[in-house]
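A.B. asks: Next up is a structure, given as structure tokens.
The values are calculated or read from the model by the stated rules, or taken from the named source; none is laboratory data. The structure displayed is predicted, hence computed values, not measured ones. Virtual Cβ from ideal backbone geometry, glycine too; neighbours counted across all protein chains shown. Accessible surface areas use protein heavy atoms only, side chains included; no ligands, DNA or RNA. Shrake-Rupley method; radii C 1.70, N 1.55, O 1.52, S 1.80 Å.
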Amino acid sequence: MKRDDLLGFSFGGNKCRIGMAFLEDMEKQGGNFMVSYGSSGSNLNRTMAALCKSKNIPCLIMVAEEEGEEACTFNRQIAKSAGAEQVVCKKTNVADAVGQVLEELRGRGYKPYYLYGNEQGRGNEAAAREAYIRAYREIAGWEKDRGVEFTHIFHASGTGMTQGGLVAGKRQAGGREEIIGISVARDAQRGTDAVRRYAGDGPEEIRFEADYRCGGYGLYDSFVEEIIEQMMNSHGIALDPTYTGKAYAGMERWLKRYGTGRERVLFIHTGGMPLYFDYLNRKRAEYAKGKGTQAI
């Protein structure tokens, strides 16, 4: 397991790598106000708010709230504590909402940098890609030092940034392993298109597995819960049901379905520790309502 959850800033995770890459790109473009977007439980929003606070850069996070999704998450609270402005929008109205925010910030005299690019969310793919090209080089260096060659690399795949960077890194290095993204929300076509967008032009097949989504973003089943409990009790490693727990469970299911038993597997723990505590809060509430055997 590659422990990107242990990266040393704001609970770690893949968004630490990606966030730093966006800040570098914002500086190159002359921006002076960061605008981020994600769900209420977004690791990206939390990380960008914390990074910007540490560097005295003003930041605004756009939060997509939908009925049935948890609104008051630890990630959102951390972003608020960091002083980030917050604007709530609907997932069906993101482009218009982004356009309005950028126009308002320009009217206030700022040069805003929307990390996804323009209002339609395109333009900064190269910055996100570079973060996990670097991570792939770390993996390749580890393999070389220890004389190990992985056959498969698994990880949670959502926006496509992480997987796109890994695919591009593999292309540059001439790697041979299968990079398999376990979808946390998107169907196969949308997910593959997103990864291809961040990977850039290349001949490789995109391995985006959408069979283990458990119905969609933030949803999970009893097997995901079993994996989370097993990893904590056996290894002291926290996984969350939205990203890493779902991805690890998906990897287990994929290997049982397609594996031969001879695979040399790396799982990238992409972080999301605050989401693990959101999960524990939900379990505590279930126990308190009498669904469990005892109150926590």
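A.B. asks: Could you list, in sequence order, all residues of the range 238-269 that are closer than 25 Å to Glu138 by Cα, open to solvent by less than 20 Å² (accessible area, probe 1.4 Å) and assigned to a loop (DSSP other than H, G, I, E, B)?
C.D. replies: Ala238, Leu239, Asp240
A.B. asks: A further question on this structure: Given the conditions (1) buried (at least 20 other Cβ atoms within 10 Å of the Cβ); (2) more than 17 Å from the chain's Cα centre (by Cα), report the number of the one that Lys55 does not fulfil.
C.D. replies: (1)
A.B. asks: Is it fair to say Arg207 is open to solvent by 20 Å² or more (accessible area, probe 1.4 Å) and either touching a strand residue (DSSP E or B) at 6+ places or on another chain (Cβ under 8 Å) or among the aromatic types (Phe, Trp, Tyr) (or both)? Even if it seems obvious, please write down each step before you answer.
C.D. replies: Working: open to solvent by 20 Å² or more (accessible area, probe 1.4 Å): yes; either touching a strand residue (DSSP E or B) at 6+ places or on another chain (Cβ under 8 Å) or among the aromatic types (Phe, Trp, Tyr) (or both): yes.
Against the criterion (open to solvent by 20 Å² or more (accessible area, probe 1.4 Å) and either touching a strand residue (DSSP E or B) at 6+ places or on another chain (Cβ under 8 Å) or among the aromatic types (Phe, Trp, Tyr) (or both)), Arg207 qualifies.
A.B. asks: Okay, next question. Counting only residues that are open to solvent by 30 Å² or more (accessible area, probe 1.4 Å) and polar (S, T, N, Q), which one in the range 12-52 is nearest to Met273 (Cα to Cα)?
C.D. replies: Checking each candidate, the answer is Asn32.
A.B. asks: Condition (residue is of a type in the set (Val, Ile, Thr), crowded, with 24+ Cβ neighbours inside 10 Å and touching a helix residue (DSSP H, G or I) at 6+ places or on another chain (Cβ under 8 Å)) applied to the range 180-192: is it met by at least one residue?
C.D. replies: Quick first cut of the range 180-192, residues of a type in the set (Val, Ile, Thr) only: 180, 182, 184, 192.
Next, only the ones that are crowded, with 24+ Cβ neighbours inside 10 Å stay: 182, 184.
Still in the list and also touching a helix residue (DSSP H, G or I) at 6+ places or on another chain (Cβ under 8 Å): 182, 184.
Yes, that holds for at least one residue.
A.B. asks: Since Arg76 meets every condition but one in (1) touching a Ser or Thr at 6+ places or on another chain (Cβ under 6 Å); (2) more than 25 Å from Tyr220 (Cβ to Cβ), which condition does it not meet?
C.D. replies: (2)
A.B. asks: Mind listing whichever residues of the range 82-96 are surrounded by fewer than 19 Cβ atoms within 10 Å (Cβ to Cβ) and either over 21 Å from the mean Cα position of the chain (by Cα) or within 12 Å of Ile61 (Cβ to Cβ) (or both)?
C.D. replies: Passing the criteria: Gly83, Glu85, Gln86, Val87, Val88, Cys89, Asn93, Asp96.
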